[in-house]
Amino acid sequence: MPYIRILRDAMTRETFFLENRTGRQFSRIVAALAWPHGMARGCVIVLGEIRGRPAVLNVRNHVHVLSEYRSGDVADLVDMAVRLYEDWSASCVITPGEDRRVVFLDAANDDLRRERRRRIRMTDPQAWNGSGERILPFYLGLLQQRIVGEKTLFFGPDCTAASETQRLGSEDVDRRMTDYPGAAALLWAVAEMGLNQRRGEAREHPGPADRLGGY
């Protein structure tokens, strides 16, 4: 059962996401996928930005980790990526396009096309280069902006990607981001929220939204 409904505010005509279980309203939802690496399990993660105050320069709305799934099995990871993409109505899955395992997502899209379901929209991580060599400090800087001072990023109690990110030390900054699938998926989604202000909006979805009264 989908976790989300797409609604339209009757007064502002703004489209947004309503979480069925909690009633929380989100302005944007994105997903990210990092493949398994060695013994490290791959990760699919979904982030949502709370619908609230209008966008103001240097003011960020709260972002929550909505779902996380870890697996060392590529087929299992792809199956869950499709499920979470659909259940959360994510606008895209952020994952490096040059990784050869993207063919599994292409195959999943072929199945979705045959079944007339929404296909997965894939996009590269922000400022991506190869396998993410020497780019980890850039991503960690974006994360720090959300957790230092006024906290605007909330992981929940069981987010293994957050724990993996917190364990990164100075000796890790020159390694490839893809060596740390949990941290990579989380950081890619956080960066997309921060640097692409329109990514993940409900307006990116085809089809009509349900009508809802304004505030």
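Counting just the Cα atoms, what span does the chain cover along each of its three principal axes? Round to the nearest Å and put the largest first.
52, 47, 29
Given points 7 Å out from each Cα along the Cα-Cβ axis, report the ASP179 to VAL74 separation in nanometres with one decimal.
If labels sit at ASP179 and VAL74, their model points lie 2.2 nm apart.
Starting from 0.36 nm per residue, how many nanometres of slack lie between ARG134 and ILE147 once their C-alpha separation is accounted for?
Once the chain is fully extended between ARG134 and ILE147, it gains 2.5 nm.
Taking the chain as a Gaussian network, Cα atoms linked when under 10 Å apart, which of ARG146, ARG118, ARG100 shows the biggest mean-square fluctuation?
Among ARG146, ARG118, ARG100, the largest GNM mean-square fluctuation belongs to ARG100.
Would you list MET11, MET80 from fewest to most Cβ contacts within 10 Å?
The order, fewest Cβ neighbours first, is MET11, MET80.
Subtract the Cα-Cα distance of ASP110 and THR12 from 0.36 nm times their separation in residues, and report this length gain in nm to one decimal.
Full-extension gain reported as 31.6 nm.
Give me CYS43, CYS92 ranked fewest to most by other Cβ atoms within 10 Å of their Cβ, as a rough exposure proxy.
The most exposed by this proxy come first: CYS92, CYS43.
Send over the per residue convex hull volume for the stretch 1-99, Cα only, as a whole number of Å³.
Numbers: hull volume 12.6 nm³, N = 99.
Convex hull of Cα atoms, per residue: 128 Å³.
Using only helices, what value at 222 nm comes out for the chain when you add -39,500 (n - 2.57) per DSSP H run of length 4 or more and divide by the total residues, to the nearest 500 deg cm²/dmol?
-9000 deg cm²/dmol
Only counting other Cβ atoms within 10 Å, I'd like ARG21, ARG117 sorted with the fewest neighbours first. Kindly include the intermediate steps, with their values, before the conclusion.
Values: ARG21 8, ARG117 12.
Fewest to most other Cβ atoms nearby, the residues stand as ARG21, ARG117.
Given a Förster distance of 35 angstrom, what is the FRET efficiency for SER163 paired with ARG118, based on the Cβ-Cβ distance and rounded to 0.05? It would help to have the intermediate numbers written out before the result.
Working: r = 32 Å, r/R0 = 0.91.
The calculated FRET efficiency here is 0.65.
Restricting to Cα pairs below 8 Å that are 6+ residues apart, what does the relative contact order work out to for the chain? Please round to a whole percent.
Computed value for the chain: 29 percent relative contact order.
For the chain, what proportion of DSSP beta bridges, expressed in % and rounded to the nearest 5, is antiparallel?
Of those bridges, close to 75 percent are antiparallel.
In terms of the Cα gyration tensor, with a ≥ b ≥ c the square roots of its eigenvalues, is the stretch 71-163 rounded because a/c is under 1.5, prolate because a/b exceeds b/c, or oblate?
Prolate, because a/c is 1.5 or more and a/b exceeds b/c.
Bear in mind these aren't lab numbers, they're just calculated from the coordinates by the rules spelled out. From a predicted model like this one, the values you see are computed outputs, not experimental measurements. Cβ: placed from backbone, ideal geometry, glycine included. Neighbour counts: every protein chain shown.
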